1. Is it possible to state the helix-based mean residue ellipticity at 222 nm for the chain, with each DSSP H run of 4+ residues giving -39500 (n - 2.57), the sum divided by total residues, to the nearest 500 deg cm²/dmol? What is it?
2. To make sure I understand, if each residue's beta carbon is the centre and we count other beta carbons within 10 Å, what order do 189, 242 fall in, fewest to most?
3. List the chymotrypsin sites (Phe, Trp or Tyr not before Pro) within the range 18-77 that fall in a DSSP loop (any state other than H, G, I, E or B) and whose Cβ has at most 16 other Cβ atoms within 10 Å.
4. Once you have the alpha carbon radius of gyration of the range 6-71, what is it after dividing by 2.2 N^0.38 Å, with N set to its residue count?
5. By how many degrees, between 0 and 90 and to the nearest 10, does the Cα long axis of helix 80-99 differ from the longest principal axis of the chain?
6. How large is ³J(HN,Hα), in whole Hz, for each residue of the range 146-156 in order, when computed from phi with the Karplus curve 6.51 cos²θ - 1.76 cosθ + 1.60 and θ = phi - 60°, using x for Gly and Pro?
7. Report the calculated FRET efficiency for residue 228 and residue 37 (r = Cβ-Cβ distance, R0 = 45 Å), to the nearest 0.05.
8. If R0 is 30 Å, what FRET efficiency do you get for residue 73 and residue 132 from their C-beta distance, rounded to 0.05?
Amino acid sequence: MATLAALLFDVDGTLADTERDGHRPAFNQAFQAAGLSWEWTPELYGELLVITGGKERIRYYVDRYSPPLPPGWSPAQIDQSFIAGLHQAKNRFYAELLARGAVPLRPGVQRLLKEARDAGLRLAIATTTSPENVTELLQRTLGSASVAWFEVIAAGDIVPAKKPAPDIYHYTLEALKLPPEACIAFEDSENGVKAAVAAHLKTVVTRNEYTLHQAFTGAALIVDDLGEPGRPAQIHASDQKSASVVIDVPFLRTLVE
Ligand code: XBP
Ligand code: MG
């Protein structure tokens, strides 16, 4: 038994469905701008999501799928610095998509953040994505003041091993100076749940189109989304007896206290 002190949020797929309509088309725009004919369809992108981290995902695609190179290019050209350049371009295109409002927050996210702040809970981000992508998403969906709502924004290359390694959660807990028992993590994917559970965190999964059929071993609760008053979210697995729930602060306290 512990007292709930903080909520730790993943970003991609959890705060918003950023992958299919955000990162994926931005990767394609970056490939095109670099003169590459590569195209990541929604289906192929689902396969590539097994690898977290945009730079790591491009490397995996090149090594595993041997995509065509323009005439005169050699495979050695696709080195880490080339990939880093592609990735930076992808993040610029991603920011443009967010600025156009292409990626809204998932149901219940804005509500729960407000309720948590009103209840005096501390907030943090623990994500694999690049820090600039986090700031951009928060500013575009919740306004520029929202970045400061999060006491810790742990993102991207700040730790050497990305999810499913627990490092980003260890980093976040250390920065908050809190034990895992006082926190709840929010994730959408198997890789994310592995990271959170390995850091001994109670984890709520809001699954999405890409992660629907994944195994979330060790998760405390699996739902379709956080729900809204009058439209509770369906529960797919938990110790709770009810079939649907609006995930609010009193409910979250029952998970840890
Ligand atoms: C998110 C990721 C990221 C994003 C793209 O995983 O794996 O790589 O797909 O962002 P999680 P970057 O939600 O588990 O943190 O290109 O900035 O890496
Ligand atoms: Mg995620």
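1. Computed mean residue ellipticity for the chain: -11500 deg cm²/dmol.
2. The fewest-first ordering by Cβ neighbours comes to 242, 189.
3. 73
4. Working it through for the range 6-71, the quotient is 1.23.
5. Tilt relative to the chain: about 60 degrees.
6. Once rounded to whole Hz, the list reads 5, 4, 6, 5, 9, 5, 10, 10, 9, 8, x.
7. 0.55
8. After rounding, the FRET efficiency stands at 0.55.
Readers should treat all values here as calculations from the given coordinates under stated rules, not as data from a laboratory. Since the model is a prediction, treat every value here as computed from it, not as a measurement. Neighbour counts run over all protein chains shown; Cβ positions are idealised from the backbone, glycine included.
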